[in-house]
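Below is one structure; the comments refer to it alone.
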Amino acid sequence: MLTGWVICALIGMRLGYTFTDLEKGAYELIQKAMGACLILICVGALIGAWISSGTVPIMIYAGLKIISPGIFLVTSLIVCSLTSIFTGTSWGTIGTVGVALMGIGAGLGFEPGLTAATIICGAFFGDKMSPLSDTTNMAAAVCGTPLFRHIRHMWFTITPAYIITLIIYFVMGFYHEGNEMSPEQINVILNGLSSNFNLGFGAILPILLVLIMLLKRCTPIISITSGALCGVVVAVLFNNMDLTPAFNSMWVGFKGDFSDTPILAKLLNRGGVTSMLNIMCLVVLACGLGGMLRHMGIIEVALEPLARWANSGFKLVVSTLIVGYGTLMLTAAIYFSIVMTGTLMAPVFRCHGLKPENCSRVVEDASTLGGPLVPWANNALFPMATLGVAYLEYIPYVYLLVLTPCFSILYALFNITMTKIDPNEEAEQEAQNVQNA
């Protein structure tokens, strides 16, 4: 990334820009990434505090007791989907429920990358379909689509992709043999959890607090920070932990002595703000590089020919997907990708007589679901850091993220659900917009 900064700066100065201009362009997009960096800090603190409080251990304990290997992958997908739909945040889902599911998956013998893929698919499905999600509201607003019409239109492409993904995960779970642990090994984990943590009602309190705050539309930063502080209180009151190490777990993560059960050390000695610092540096550098490219106008010049090439429904969808993925790869910022893609392509859809929800649907397919597919994008770096997996470990299994845009292309090719503009309806909508304004 730093090498990219140097090359971009040399090109910019060759084109007549001063280093101050390029620096300003970099800072503009970095400033927009600060919200993501703050959430990274808060989630790191939350993971450390929730392990100290017994919140993550009790979720792992309950999961190992209740969930059988055959239905684990499907359960993970559905639980994360529902959590994201109700809360409107994929990152909140990954940082809370996702961390516990990684522990359950390890106890049941599943590959970390496969478990992470079910969490990522579920979390971003719910984020895409939730009326509480900021990305969903942004895509609808940028393309000029009423929110619930936008959500209804997305069901056409994502439903078959979701069903196919469920079937694949069910088959993979049903035939899972791999490194499945014996009942004796699982009992060792359960005994280790119950002997090191107080797995009573107190351990559930941080979960309830975060869910209530998210459902009441509190910002993710406030909700997650409150959950972390609640975890510290529970660790002190219910787990007899000293106040200083309880607070320190938010900074350096939980550090427990699991010499008798090494697998617990791998699962639970983690978290903390410091665990997120590498990812935060990558986010800042990637967004700074994208900001310089945007400031020089390179992105617009590179993508404008695609908009001119799109003269049919099929070409429009393909062009929008390319623009969405392209802006993600160039800037690593999902919000910029949504705004740029919607701003560039929505007027082209209208010019060809297609309703704006066709565009907003494809924008979400590329920009929202495409985030985890670009390894240096925020939405890939976050789950990698939080769930402790590498990009190449989870990417072969994120079927939902790949199938959904494929259905968009297929529908466009055969003109399925590509709704046309009704002149009367358009006139009524314009009148309503004027009245609202």
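The values are calculated or read from the model by the stated rules, or taken from the named source; none is laboratory data. A quick note: this is a predicted structure, and the numbers were derived from the prediction, not measured. So basically every Cβ, Gly included, is an ideal-geometry build from the backbone, and we count neighbours across all protein chains shown. These accessible areas exclude ligands, DNA and RNA; they are computed on the full protein's heavy atoms, side chains included. Shrake-Rupley method; radii C 1.70, N 1.55, O 1.52, S 1.80 Å.
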Original post:
Any residue at all in the range 117-136 that is aromatic (Phe, Trp, Tyr), part of a helix (DSSP H, G or I) and closer than 15 Å to Tyr162 by Cβ?
Top reply: yes
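Does any residue of the range 80-90 turn out to be closer than 27 Å to Asn248 by Cα, assigned to a helix (DSSP H, G or I) and touching a Gly at 6+ places or on another chain (Cβ under 9 Å)? Give the steps one after another, and end with the answer.
At the first step, the residues of the range 80-90 found to be closer than 27 Å to Asn248 by Cα are 89-90.
Next, only the ones that are assigned to a helix (DSSP H, G or I) stay: 90.
Next cut, touching a Gly at 6+ places or on another chain (Cβ under 9 Å) only: 90.
Yes, some residue in the range 80-90 is closer than 27 Å to Asn248 by Cα, assigned to a helix (DSSP H, G or I) and touching a Gly at 6+ places or on another chain (Cβ under 9 Å).
Quick one: in the range 307-319, of everything that is more than 27 Å from the chain's Cα centre (by Cα) and surrounded by 20 or more Cβ atoms within 10 Å (Cβ to Cβ), which residue is modelled with the highest pLDDT?
So the first thing to find is which residues in the range 307-319 are more than 27 Å from the chain's Cα centre (by Cα), and the list is 307-315.
Then drop every residue that is not surrounded by 20 or more Cβ atoms within 10 Å (Cβ to Cβ), which leaves 310, 313.
Values: Ala310: 72, Gly313: 78.
Within the range 307-319, the match that is modelled with the highest pLDDT is Gly313.
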Original post:
Filtering the range 335-349 down to residues that are surrounded by 24 or more Cβ atoms within 10 Å (Cβ to Cβ) and within 16 Å of the chain's Cα centre (by Cα), which residue is farthest from Leu293 (Cα to Cα)?
Top reply: Ile338
**OP:** Could you run through the range 227-260 and say how many residues are open to solvent by 40 Å² or more (accessible area, probe 1.4 Å) and β-branched (Val, Ile, Thr)?
**Re:** 4
Original post:
Which of the residues spanning the range 333-357 are closer than 19 Å to His153 by Cα and either outside any helix (DSSP H, G or I) or among the acidic types (Asp, Glu) (or both)?
Top reply: His352, Gly353, Leu354, Lys355, Glu357
Original post:
Out of all the residues in the range 204-220, is one or more over 22 Å from Thr87 (Cα atoms) and either open to solvent by less than 40 Å² (accessible area, probe 1.4 Å) or outside any helix (DSSP H, G or I) (or both)?
Top reply: no
**OP:** Mind counting the residues in the range 59-75 that are assigned to a helix (DSSP H, G or I) and either without any contact (Cβ under 8 Å) to a residue 60 or more places away in the chain or under 24 Å from the mean Cα position of the chain (by Cα) (or both)?
**Re:** 10
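Can you name every residue in the range 300-315 that is out of contact with any strand residue (DSSP E or B) (no Cβ under 7 Å at 6 or more places or on another chain) and in a helix (DSSP H, G or I)? Reasoning before the result, please.
Restricting attention to the range 300-315, the residues satisfying the condition of being out of contact with any strand residue (DSSP E or B) (no Cβ under 7 Å at 6 or more places or on another chain) are 300-312, 314-315.
Selection gives Glu300, Val301, Ala302, Leu303, Glu304, Pro305, Leu306, Ala307, Arg308, Trp309, Phe314, Lys315.
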Subject >> Selection status of Gly113, closer than 26 Å to Pro183 by Cβ, under 16 Å from the mean Cα position of the chain (by Cα) and surrounded by fewer than 24 Cβ atoms within 10 Å (Cβ to Cβ) >> reply: yes
Original post:
Looking at Ala33, Ala106, which one is open to solvent by less than 20 Å² (accessible area, probe 1.4 Å) and touching a residue at least 60 places away in the same chain (Cβ under 8 Å)?
Top reply: Ala33
Subject >> Of residues in the range 285-296 being among the hydrophobic types (A, V, I, L, M, F, W, C) and modelled with pLDDT under 85, the one surrounded by the fewest Cβ atoms within 10 Å (Cβ to Cβ) >> reply: Leu285
Original post:
Which residues, counting only those in the range 137-155, are buried (at least 23 other Cβ atoms within 10 Å of the Cβ), closer than 16 Å to Ser367 by Cα and of a type outside the set (A, V, I, L, M)?
Top reply: Cys143, His150
Subject >> Single unsatisfied condition, Leu77 versus (1) under 30 Å from Phe414 (Cβ atoms); (2) open to solvent by 10 Å² or more (accessible area, probe 1.4 Å) >> reply: (2)
Original post:
Does Ala36 satisfy being part of a helix (DSSP H, G or I), among the small types (Gly, Ala, Ser) and farther than 22 Å from Ser249 by Cβ?
Top reply: yes
**OP:** Report, ordered by the first and then the second residue, all pairs with beta carbons closer than 9 Å, sequence separation of six or more or different chains, a first member in the range 257-277 that is closer than 18 Å to Ala49 by Cβ, and a second member that is assigned to a loop (DSSP other than H, G, I, E, B) and open to solvent by less than 10 Å² (accessible area, probe 1.4 Å).
**Re:** Asn269/Gly253; Arg270/Gly253; Gly271/Gly253; Gly272/Gly253; Val273/Gly253; Thr274/Gly253; Ser275/Gly253
**OP:** Considering only residues that are over 20 Å from Arg217 (Cα atoms) and of a type in the set (S, T, N, Q), look in the range 109-167 and name the one that is modelled with the lowest pLDDT.
**Re:** Thr145
Original post:
Among the candidates Ile299, Ile322, Ile263, which residue alone is over 29 Å from His352 (Cβ atoms), β-branched (Val, Ile, Thr) and surrounded by fewer than 24 Cβ atoms within 10 Å (Cβ to Cβ)?
Top reply: Ile263
Original post:
When both residues are 6+ apart or on different chains and their Cβ atoms are under 8 Å apart, which pairs have a first residue that lies in the range 311-327 and is free of Cβ contacts under 8 Å to residues at least 40 places away in the same chain, and a second that is among the aromatic types (Phe, Trp, Tyr) and assigned to a helix (DSSP H, G or I)?
Top reply: Lys315/Trp309; Ser319/Trp309
